[in-house]
Amino acid sequence: MLYLGVLGSSVALLLLLLFRLYSILPNPRRTRKNASSSTYRVMIFLGSGGHTTEMLSLVSSLDFDMYQPRSYFISDGDTLSAEKLRAMEAKVAQVRQGRKPAYEIVFIPRARRVLQPLSTTPFTALKSFLHCLRHTFHTADEPAFILMNGPGTCVMLCAAIYAQKLVCFWRQHTPELVYVESFARVTSLSLSGKLLWPFADTFVVQWKELADRLERRRWGGGVLVYRGWLV
Amino acid sequence: MRRVFVTVGSTQFDALVQAVLSPDVLHALSSKGFTRLVLQSGNSASMNSEQLALLEASYSNLAIDVWKFKASLEEEVKEADLVVSHAGSGTILEVLRMGKLLIVVPNPTLLDNHQQELADALVERGHLRAASVQSLASVIAGMDASSIVPFPEVNSSRFRGLIDERLGFTA
């Protein structure tokens, strides 16, 4: 009897989780956070090298008065990205007559280091995930969106957001997940693009060839956006 | 003074470095009116200083400057009239954004074929030229600035509009 009870409630819990997962997956018809306040917290992942360069170029075009404070997530040890970011924020602040830029930098451990053996990857990935979870958990000021363009570690960030979506069913708004595929991807997705394709609410590509190919392969999911080159 | 800047980024591309320092390419550069060659060789095998001095002596009107790495290549690109680069997407974007003439030489030993894809797509639109290690000299000789389609300025309202719209801030 007890056995049946445990089995029954496990099945029920599993069904509940599956239903919850289904209801939080990207849905173009879902209503979005509307213009009820004047500023919106945002999160931005800077993936190093060319990813960072492209992302900073994208971010610098946004309205900094509206989208603040900005939390930038950078992989541990990637000081170059932090430097480029500070330079970009300082430049924008200068253009806006020295208004104090409202941003913070969060360093997160890498999910997998270059040449790290696969056997230890689950541990480093978990550490990275927990770190992301801790720094994306906002009880009051929920971010309006989270912006990412790869590589690797941003998948952990996405997982952290999804874990919260899964559990925190009482929240009215969850951050819009925006993934922007690199200018370098003309006809095929990058690995992080492939991984995040089912989960991003807004998936942006920069080449018509790629947009057409994805359009043919879609099965629901978020909104695919193509507006030409963005960087 | 006309400058050409050759860069391999952080990669190792021995064949490109060798080709650039070959008589064919140096001759093509010099007859195109280039007076200074700056070569960033990265991790590629290059010549030693004696060999370089000997080479430079045989081209009286072309100064040759070779080094491995610098913190930023931006200054070099800014001063160059022509850039010859491995097909790294970051370098391609940076050089085109600065409005410089660009010849890319994809590294055939790398299996990263999406870089080749990007180079092909941009060649097709006329924004740059591509060459192989073998054809570099003839591509330089045939390089005509007027046949290059200028790369469009970055349109920052596109991304801003896209985000505002997706969050429901625009009509």
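So which residues in segment A:219-231 are within 21 Å of A:Leu25 (Cβ to Cβ) and either touching a strand residue (DSSP E or B) at 6+ places or on another chain (Cβ under 7 Å) or within 10 Å of chain B (Cβ to nearest Cβ) (or both), if there are any at all?
Of everything in segment A:219-231, those that are within 21 Å of A:Leu25 (Cβ to Cβ) and either touching a strand residue (DSSP E or B) at 6+ places or on another chain (Cβ under 7 Å) or within 10 Å of chain B (Cβ to nearest Cβ) (or both) turn out to be A:Gly222, A:Val223, A:Leu224, A:Val225.
Counting only residues that are among the acidic types (Asp, Glu) and either more than 20 Å from A:Asn27 (Cα to Cα) or in a loop (DSSP other than H, G, I, E, B) (or both), segment A:176-206 holds 2 of them.
Of everything in segment A:211-231 that is free of Cβ contacts under 8 Å to residues at least 60 places away in the same chain and of a type in the set (A, V, I, L, M, F, W, C), the residue that is most open to solvent (accessible area, probe 1.4 Å) is A:Trp219. Report yes if some residue within segment A:152-170 is surrounded by fewer than 21 Cβ atoms within 10 Å (Cβ to Cβ), of a type in the set (Gly, Ala, Ser), modelled with pLDDT under 90 and closer than 23 Å to A:Tyr67 by Cα; otherwise report no. No, because not a single residue in segment A:152-170 is surrounded by fewer than 21 Cβ atoms within 10 Å (Cβ to Cβ), of a type in the set (Gly, Ala, Ser), modelled with pLDDT under 90 and closer than 23 Å to A:Tyr67 by Cα.
Given the options A:Thr187, A:Thr121, A:Thr174, A:Thr202, name the one that is polar (S, T, N, Q) and free of Cβ contacts under 8 Å to residues at least 12 places away in the same chain.
Only one candidate passes the filter, namely A:Thr121.
All told, A:Glu89 falls short of being surrounded by 14 or more Cβ atoms within 10 Å (Cβ to Cβ) and modelled with pLDDT under 90.
Looking at segment A:1-117, the helices (runs of 4 or more DSSP H) lying wholly inside it that each contain 1 or more residues that are touching a residue at least 60 places away in the same chain (Cβ under 8 Å) and away from every other protein chain (no Cβ under 14 Å) sit at A:2-24. Taken over segment A:193-210, the criterion of being more than 13 Å from the chain's Cα centre (by Cα) and open to solvent by 10 Å² or more (accessible area, probe 1.4 Å) is satisfied by A:Lys194, A:Lys208, A:Glu209. Check A:Arg29 against each of (1) touching a Pro at 6+ places or on another chain (Cβ under 9 Å); (2) at pLDDT below 90 and name the one condition it does not meet. Of everything listed in (1) touching a Pro at 6+ places or on another chain (Cβ under 9 Å); (2) at pLDDT below 90, A:Arg29 misses just condition (1).
Taken over segment A:121-175, the residue count meeting the criterion of being among the β-branched types (Val, Ile, Thr), out of contact with any helix residue (DSSP H, G or I) (no Cβ under 7 Å at 6 or more places or on another chain) and in a helix (DSSP H, G or I) is 3.
Yes/no per residue for (1) within 18 Å of B:Ser89 (Cβ to Cβ); (2) of a type in the set (Ser, Thr, Tyr); (3) at the interface with chain A (Cβ under 10 Å from one of its Cβ atoms):
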position	(1), (2), (3)
B:Gln116	yes, no, yes
B:Arg125	yes, no, no
B:Ile148	no, no, no
B:Arg166	no, no, yes
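Report whether or not B:Val17 is out of contact with any helix residue (DSSP H, G or I) (no Cβ under 8 Å at 6 or more places or on another chain), closer than 22 Å to B:Lys100 by Cβ and in a helix (DSSP H, G or I). Yes. Among the residues making up segment B:47-72, a single one is under 14 Å from B:Thr11 (Cα atoms) and modelled with pLDDT under 85: B:Lys70. Is it the case that A:Asp76 is open to solvent by 20 Å² or more (accessible area, probe 1.4 Å) and within 20 Å of the chain's Cα centre (by Cα)? So A:Asp76 passes the test. In segment A:93-102, the residue that is nearest to A:Val178 (Cα to Cα) out of those that are surrounded by fewer than 17 Cβ atoms within 10 Å (Cβ to Cβ) and of a type outside the set (Lys, Arg) is A:Ala102.
The values are calculated or read from the model by the stated rules, or taken from the named source; none is laboratory data. Computed from a predicted model, the values in this text were never measured in an experiment. Glycine also receives a Cβ, built like all others from the backbone with ideal geometry; neighbour counts cover every protein chain displayed. Keep in mind that these areas ignore ligands, DNA and RNA; they rest on the heavy atoms of the full protein, side chains included. Shrake-Rupley method; radii C 1.70, N 1.55, O 1.52, S 1.80 Å.
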